[in-house]
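A short reminder: the numbers here are calculations on the coordinates, not readings from a lab. In this text, all values refer to a predicted model and were calculated from it rather than measured experimentally. Cβ placement follows ideal geometry from the backbone for every residue including glycine, while neighbour counts extend to all protein chains displayed.
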Amino acid sequence: MRKPVVLITGAGGEIGHGLIAHLARAGTQPVITLDVNPLEPALARMVQREFTGSITDKSLLERVLSEFEVETVYHLAALLSTRSEFTPTTAHQVNVDGTLNLLEFSQREAESHGRPVTFMYPSSIAAYGLPDLETKRRVGPVKEDDYNTPSTMYGCNKLYCEQLGRYYARFYKQLAAQPQSGRVDFRCVRFPGLISALTVPSGGTSDYAPEMIHAAAKGEPYACFVRPDTRIPFMAMPDGVEALLALSAAPKAALTRTAYNLAAFNPSAGEIRQEVVRAFPDADISWHTDTKRQGIVDSWPEDVDDSAARRDWGFAPRFDFVKAFRDYLIPTIGSRYAK
Ligand code: SER
């Protein structure tokens, strides 16, 4: 007999860390993982089965299908925005072809065990593209369907995969004799920049905030690659994990969309520096603008309108900017570097 499980792709990444710990603690369903790299031993101990390989490997997905009844997928594997600009075709293979593989995998799982598969997908503020700084400042919080003109490969990939997911959920093979859609219950959040106390991101463009904080905690100097006035939305990682869990548990009838904005706080880079220096008075943080990466961050909104998430499934982040530092980052990050 195949066993009912939750599948997490990209499980060794930043979101995976928090999510695995949470699901393991809850203990409601065993977790299996798929990641290109082996999991850290502490994470590996919390999962029932670890597959090491790529989401582009269809035969590996076949193996998972043959052994497990996957009821929920958290599809976290992706190449982030900065990295994707250096290797756009690889980004497309991983971010788009990989997601298509997972959607098709989920459709087949649902067909074989007879229940819908909940497909959780983290999209991003990178799905937006504001034409210039003047517009960005003028429009303030953007709604999901506005400014969907991303300027990065990663943003294009995320926006398209949001649409692919919506297609699988609502229109899949709409001309077939028997209805086939709805077997993949696709649910997506557009994350702001995520800040974790436990891990540092790699290959993103919102990385200046977590990098600044972690450098200060380690006592290392940091040159921030965006201007002090740069403003985009951020969120503390525990709220990001909670949001995924809350949306996955929401009654389907309550959901009016397949992709939801999430907002928590949106400090400027200068305000982040101030808060870091308050916590680590010896922090050595300077400014060294990388105009190209700055251009990417300038195309992302300074705030997002998350009223649909709040209304439909009760999204309510616990951490604002001050609380994120006071109650999460500072108490947790110290132990990360304590020797
Ligand atoms: N954190 C991501 C990045 O910088 C945005 O979703 O690429």
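Points worth noting:
- Per residue, the Cα convex hull of the range 59-104 amounts to 73 Å³.
- Reduced Cα scattering model of the range 98-194, Debye log10 I(q)/I(0), q = 0.16, 0.20, 0.21, 0.23 Å⁻¹: -0.71, -0.95, -1.01, -1.13
- Size descriptors for the range 227-339 (Cα atoms only): Rg and Dmax, in that order, 16.6, 52 Å.
- Largest first, the extents of the alpha carbon coordinates of the range 136-275 on the three principal axes equal 63, 31, 25 Å.
- Interchain or long-range residues, amide H under 5 Å from V189's placed H: Y121, S123, Y260
- Amide H contacts of E69 (H built 1.01 Å from N, in plane; Pro and chain starts excluded): K3, V5 sit under 5 Å, all sequence-distant by 5 or more or on other chains.
- Radius of gyration and maximum dimension Dmax of the chain, Cα, Å: 19.7, 68
- Ratio of Rg to Rh for the range 128-179: 1.18 [Cα atoms; Kirkwood radius as inverse mean 1/r over pairs].
- In the range 175-303, the DSSP beta bridges split such that about 20 percent are antiparallel, to the nearest 5.
- The antiparallel fraction among DSSP beta bridges confined to the chain stands at about 5%.
- Residue-normalised convex hull volume from the C-alpha trace of the range 34-91: 104 Å³ per residue.
- Packing, as the average of other Cβ atoms within 10 Å across residues, places the peptides 239-251, 3-15 in the order 3-15, 239-251, highest first.
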